[in-house]
Amino acid sequence: MPETALDFESYYDSEYSISKMGYYAYTHDPRFRVTAVAFADPATPGTASAYIDDNLTQVPWKGRLSDRVAIAHNATFDRHVFERLQELGNIPQGIKPAEWLCTAAMCRYLQVPGSLAEAAEAVLGIVVDKTARTKAKGDTRKQGDLFDALSSYAQKDADTCARLWAAGGKFWPENERRL
């Protein structure tokens, strides 16, 4: 089955964050806003693409996710964001990934660090720069240099996730994936 790695980026600040609120409260809060989404194909690393748009109307959701395996690092977050965007009408209701897989869970099974940056260094030997994400904390601008940087950041995260999956997915048994 075809696979797509994806990464959503969203607004957060010191009080409004997943770690303080949990997934449901975060995605249902009035401050919830997706700033970028990126996709990468595990079969062709280095070809990630990103979209920046509050309502995400330019994203070819059907071609990217319908009947494909959605792979994300912390897939619980990305799935909650995806489902909330569907509730809000930003993603058509008919778009459904065939399955969601989490490279963070895969990494834990393989006994490598769970964070994307640490996993990338341990498995792929690459350094993931988190500066753009840190700079975005609390920023409410809708466009400009920061969001251009977030687009690039999201592309790199999606590509890193795709590369992790390509390197380790075959070592993660089906029964462990279901857990």
Could you identify the single residue in Ala132, Ala119, Ala70 that is assigned to a helix (DSSP H, G or I) and either open to solvent by less than 10 Å² (accessible area, probe 1.4 Å) or modelled with pLDDT of 95 or more (or both)?
Ala119
Candidate set: region 140-179, residues that are modelled with pLDDT under 70 and either in contact with a Phe, Trp or Tyr (Cβ under 8 Å, 6 or more places away or on another chain) or among the polar types (S, T, N, Q) (or both); chosen: the one nearest to Ala5 (Cα to Cα)
Gln143
Consider region 73-94. How many of its residues are in a loop (DSSP other than H, G, I, E, B) and of a type in the set (S, T, N, Q)?
3
Suppose we keep only residues that are part of a helix (DSSP H, G or I) and among the aromatic types (Phe, Trp, Tyr) within region 2-33. Which one would you say is nearest to Trp165 (Cα to Cα)?
Tyr23
Pairs please, first residue from region 68-84 and closer than 15 Å to His28 by Cα, second anywhere and open to solvent by less than 50 Å² (accessible area, probe 1.4 Å) and in a loop (DSSP other than H, G, I, E, B), Cβ atoms under 7 Å, 6+ apart in sequence or on different chains.
Phe82/Ile91; Arg84/Phe32
Suppose we filter Thr44, Thr57 for residues that are in a loop (DSSP other than H, G, I, E, B), hydroxyl-bearing (Ser, Thr, Tyr), open to solvent by 60 Å² or more (accessible area, probe 1.4 Å) and modelled with pLDDT under 90; which single one remains?
Thr57
Any chance region 95-111 includes a residue that's open to solvent by 70 Å² or more (accessible area, probe 1.4 Å), in a helix (DSSP H, G or I), modelled with pLDDT under 95 and not aliphatic (A, V, I, L, M)?
no
Do the conditions hold for Arg84, that is, is it surrounded by fewer than 16 Cβ atoms within 10 Å (Cβ to Cβ), at pLDDT 95 or above and not small (Gly, Ala, Ser)?
no
Please name all residue pairs, on different chains or six or more residues apart, with Cβ atoms under 8 Å, provided the first residue is in region 7-32 and is buried (at least 17 other Cβ atoms within 10 Å of the Cβ) and the second residue is of a type in the set (Gly, Ala, Ser) and assigned to a loop (DSSP other than H, G, I, E, B).
Tyr12/Gly138; Tyr26/Ser17
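The values are calculated or read from the model by the stated rules, or taken from the named source; none is laboratory data. Quick caveat, the model's predicted, so the values are computed rather than measured. Please note: Cβ atoms are built from the backbone with ideal geometry, for glycine as well, and neighbour counts cover all protein chains shown. For the accessible areas, the whole protein counts, side chains as well, though only heavy atoms, and no ligand, DNA or RNA atoms are used. Shrake-Rupley method; radii C 1.70, N 1.55, O 1.52, S 1.80 Å.
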